[in-house]
Amino acid sequence: MKRIENYENVQASTGEFARPTAGGYVCKIIDVKDFPVDDKGKGDYLKIEYDIVEGEFEGYYKEQYDKWGGNWNASFIRSYKEKALGMFKHFTNCIEKSNSNYIWNWNETTLIGKKIGLVLGEEEYINSQGNLRVKLVVKEIKTVGDIINGEFKVPVIKKLVDNNSVVNFVEIKDDEELPF
């Protein structure tokens, strides 16, 4: 192995790093994609990608994307189906109140670059290696002012297994049929 120059000045990593936790964040919309309803009845929603733009974790998701590549790891869905129009209107109202002189005009690309207040919560999940992990998801849409003024509740973690529930995993060998 070749000798690394200035190796004695490299700080050892513990493998731990600071990441956002459950709470309220001032965010900016990075990208928006419209998914109109298709011939199977799926769709009528916007997929909204965001990043944190204020505080300790400013630019966190961009940094993660640049470092690891792949998918943008901060997004949420806003449905505009008839049964979800009230929630969609709340979303557009929060965007308007958080961005002076902005009026929602039914052009999703005008949302790019706009600020929004997001309350993030933690949820447990099983990763592809079968390990229990925790991810952040958007739990509530707020105005930027609500976040700055602390007008939100930090959600409790959503556990994969709650209240004495039991999850049974069935081991299946390659040559076995599924039991259901």
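The values are calculated or read from the model by the stated rules, or taken from the named source; none is laboratory data. On a predicted model such as this, the values are computed, not experimentally measured, just so you know. Here the Cβ is made from the backbone with ideal geometry for all residues, glycine too, and neighbour counts use every protein chain on show. Keep in mind that these areas ignore ligands, DNA and RNA; they rest on the heavy atoms of the full protein, side chains included. Shrake-Rupley method; radii C 1.70, N 1.55, O 1.52, S 1.80 Å.
Leaving ligands and nucleic acids out of the surface, order T92, T109 by accessible area at 1.4 Å, largest first. Spell out each step's value before the answer.
Numbers: T92 10, T109 75 Å².
Ranked list, largest accessible area first: T109, T92.
What number, in percent, do you get for the relative contact order of the range 1-147 if the mean sequence gap of Cα pairs under 8 Å and at least 6 apart is divided by its residue count? It would help to have the intermediate numbers written out before the result.
Working: 239 pairs, mean separation 37.6, N = 147.
RCO, the range 1-147: 26 percent.
Return the loop-located chymotrypsin sites (Phe, Trp or Tyr not before Pro) in the range 66-134 (DSSP other than H, G, I, E, B) with at most 10 other Cβ atoms within 10 Å of their own Cβ; answer none if there are none. Each step should come with its number before you reach the end.
Details: sites: W68, W72, F76, Y80, F88, F91, Y102, W104, W106, Y125; in loops: W72, Y80, Y102, W104, W106.
For chymotrypsin sites (Phe, Trp or Tyr not before Pro) across the range 66-134 that sit outside H, G, I, E and B with at most 10 neighbouring Cβ atoms in 10 Å, the list reads W106.
Once the dipole of the chain is set up with Lys and Arg at +1 and Asp and Glu at -1 on Cβ about the Cα centre, which of S79, N9, L132 lies farthest towards its positive end?
Ranked along the dipole, the leading option is S79.
GNM on the chain, C-alpha springs below 10 Å: top fluctuator among G113, G70, G121?
Most flexible of the set in this elastic network: G70.
Computing the accessible area with a 1.4 Å probe over protein heavy atoms, can you report the carbon and sulfur percentage for the chain? Before the final figure, lay out each step's value.
Working: 6380 of 13150 Å².
So the carbon and sulfur contribution to the accessible surface is 48 percent.
Determine the per residue accessible area of the chain with all protein chains present and a 1.4 angstrom probe, expressed in square angstrom. Please report the intermediate quantities before stating the final value.
Details: 13150 Å² over 180 residues.
It amounts to 73 Å² per residue over the chain.
Given a Förster distance of 35 angstrom, what is the FRET efficiency for K47 paired with R3, based on the Cβ-Cβ distance and rounded to 0.05? Present the calculation step by step, with values, prior to reporting the outcome.
Details: r = 48 Å, r/R0 = 1.37.
For K47 and R3, the calculated efficiency is 0.15.
With the cut-off at 24 Å, report for the chain the share of all Cα pairs above it, as a whole percent.
On the way: 8524 of 16110 pairs.
The proportion of pairs with Cα distances above 24 Å equals 53 percent.
What are the GluC sites (Glu not before Pro) within the range 41-112 that DSSP puts in a loop, where the Cβ has at most 10 other Cβ atoms within 10 Å?
On the way: sites: E49, E54, E56, E58, E63, E82, E96, E108; in loops: E54, E56, E58.
Sparse-neighbourhood loop GluC sites (Glu not before Pro): E56.
Suppose we take every Cα in the range 30-86 and form the convex hull; what volume per residue is that in Å³? Display every interim value, and only then the final one.
Values: hull volume 5.2 nm³, N = 57.
About 91 Å³ per residue, rounded to a whole number.
Semi-axes, largest first, in whole Å: what does sqrt of 5 times each Cα gyration tensor eigenvalue give for the range 55-95?
Details: eigenvalues 175, 38, 5 Å².
The three semi-axes for the range 55-95 are 30, 14, 5 Å.
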